[in-house]
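Working notes, structure below.
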Amino acid sequence: MPPGQQNWLFPKENLEHTPSRKDGMSAESERAVRKSICTFIQRVGTHIHGGHGSCKPMSMNTAKVFFHRVCMSQSVATGKQNPKLLGVTCLFVACKTEEDMRPIKEYIWAMNQIDVDENGQNLYPYGTTTDETIMPKGRKRHKWMVDEESVKFQQVRENMLQVEKCIMQMLDYDFSVRHPISFTKEIIQFLDARRKRNEDNTDFDEKRRLVQGDGSVLSELGVQIYNMAYAMANDSGSTTLALEYDAAVIAAGCVSLAVKASTKANPFKLIKVSKWTKELVAHFGSKKDPAMYPKEVAEQLKKD
């Protein structure tokens, strides 16, 4: 298959026979490793400093998807790949693809800063520095910003560069990722218009609208549901949902859960899933069979 044309959606049975599972990991153990590395990616991304600040949320979400994809061809069982090295290198690659590039030293320094023992004490696995020289743009040099010429720094740098090449090959140089957070607002607007079109005008209450006016601005209720759905969609990156469902379907599941979670505080009622899913999936051009309903996504999100 030509680069950029990979199908990264897998049937459930494939997720039960990953390289890690074949190496003896249980489903629970693999799930725990995937989730912990996604958390690790998030922590590294938010602890990266420098002139551009932390990594963009989209970069971190892309890195999580890359990591899940890599795990479909590489084992993270004990004694195999180093999951943290895979995770941080996925972030390194993702930041490049999202035009959020940082020097490789920033990733290494961030890992050095956040690594702690079970008591929360810093381990500084790559060493420390006593150099308090003020860096460019007035940036203070902290103890975790180990000398770039040190042996440990150079070792992890070379490992990351080698793993980067492997990751790009495993991804088949296909760096395209559709994110659920990109669809949440449009889905809310879609559902509001769909429901208004199907409800009896005499029974339609403007207070139950999710959008205002022409539908481009969310109402107070719409914002509430959007914020909840956005958070769920963002958190879905720690699960394998991105390997099972198209981003628009995941977003729909998140919106569905957000609406149900808000029903105690408002009178809004969602159309039954079966009535709008096929139209929704077609609307967003999902590559997944319309039979894969957002209801299944919602159920999996509740489990995770």
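The values are calculated or read from the model by the stated rules, or taken from the named source; none is laboratory data. What you are looking at is a predicted structure, and each value in this text was computed from that prediction instead of being measured. We place every Cβ from the backbone using ideal geometry, glycine too, and count neighbours over all the protein chains shown. For the accessible areas, the whole protein counts, side chains as well, though only heavy atoms, and no ligand, DNA or RNA atoms are used. Shrake-Rupley method; radii C 1.70, N 1.55, O 1.52, S 1.80 Å.
Suppose we keep only residues that are of a type in the set (Val, Ile, Thr) and more than 19 Å from the chain's Cα centre (by Cα) within region 86-127. Which one would you say is surrounded by the most Cβ atoms within 10 Å (Cβ to Cβ)? If you could, list the steps in order and put the result at the bottom.
Let us first name the residues in region 86-127 that are of a type in the set (Val, Ile, Thr), namely 88-89, 93, 97, 104, 108, 114, 116.
With more than 19 Å from the chain's Cα centre (by Cα) added as a condition, the list becomes 104, 108, 114, 116.
Working: Ile104: 18, Ile108: 24, Ile114: 15, Val116: 11.
The residue in question is Ile108.
Checking the stated criteria, Tyr124 turns out to be closer than 21 Å to Glu158 by Cβ, free of Cβ contacts under 8 Å to residues at least 24 places away in the same chain and among the aromatic types (Phe, Trp, Tyr). Scoring Asp192 on the criteria (1) open to solvent by 70 Å² or more (accessible area, probe 1.4 Å); (2) touching a Leu at 6+ places or on another chain (Cβ under 6 Å) leaves a single failure, condition (1). Restricting region 36-85 to residues that are touching an Asp or Glu at 6+ places or on another chain (Cβ under 8 Å) and open to solvent by 20 Å² or more (accessible area, probe 1.4 Å) leaves a set whose member that is farthest from Arg141 (Cα to Cα) is Lys80. Scanning region 128-167 for residues that are open to solvent by less than 50 Å² (accessible area, probe 1.4 Å), more than 20 Å from Phe66 (Cβ to Cβ), touching a helix residue (DSSP H, G or I) at 6+ places or on another chain (Cβ under 8 Å) and not aliphatic (A, V, I, L, M) turns up Trp144, Phe153.
A single member of Ser20, Ser36, Ser73 is in a helix (DSSP H, G or I), among the polar types (S, T, N, Q) and farther than 27 Å from Tyr124 by Cα, and it is Ser20. For region 147-167, the count of residues that are under 28 Å from the mean Cα position of the chain (by Cα), under 20 Å from Val44 (Cβ atoms) and assigned to a loop (DSSP other than H, G, I, E, B) is zero.
Just to be sure, is Asp214 modelled with pLDDT of 85 or more and open to solvent by 70 Å² or more (accessible area, probe 1.4 Å)? Against the criterion (modelled with pLDDT of 85 or more and open to solvent by 70 Å² or more (accessible area, probe 1.4 Å)), Asp214 does not qualify. Can you tell me which of (1) within 16 Å of Ala110 (Cβ to Cβ); (2) in contact with a helix residue (DSSP H, G or I) (Cβ under 6 Å, 6 or more places away or on another chain) is the one His49 doesn't meet? Here His49 clears every test but (2).
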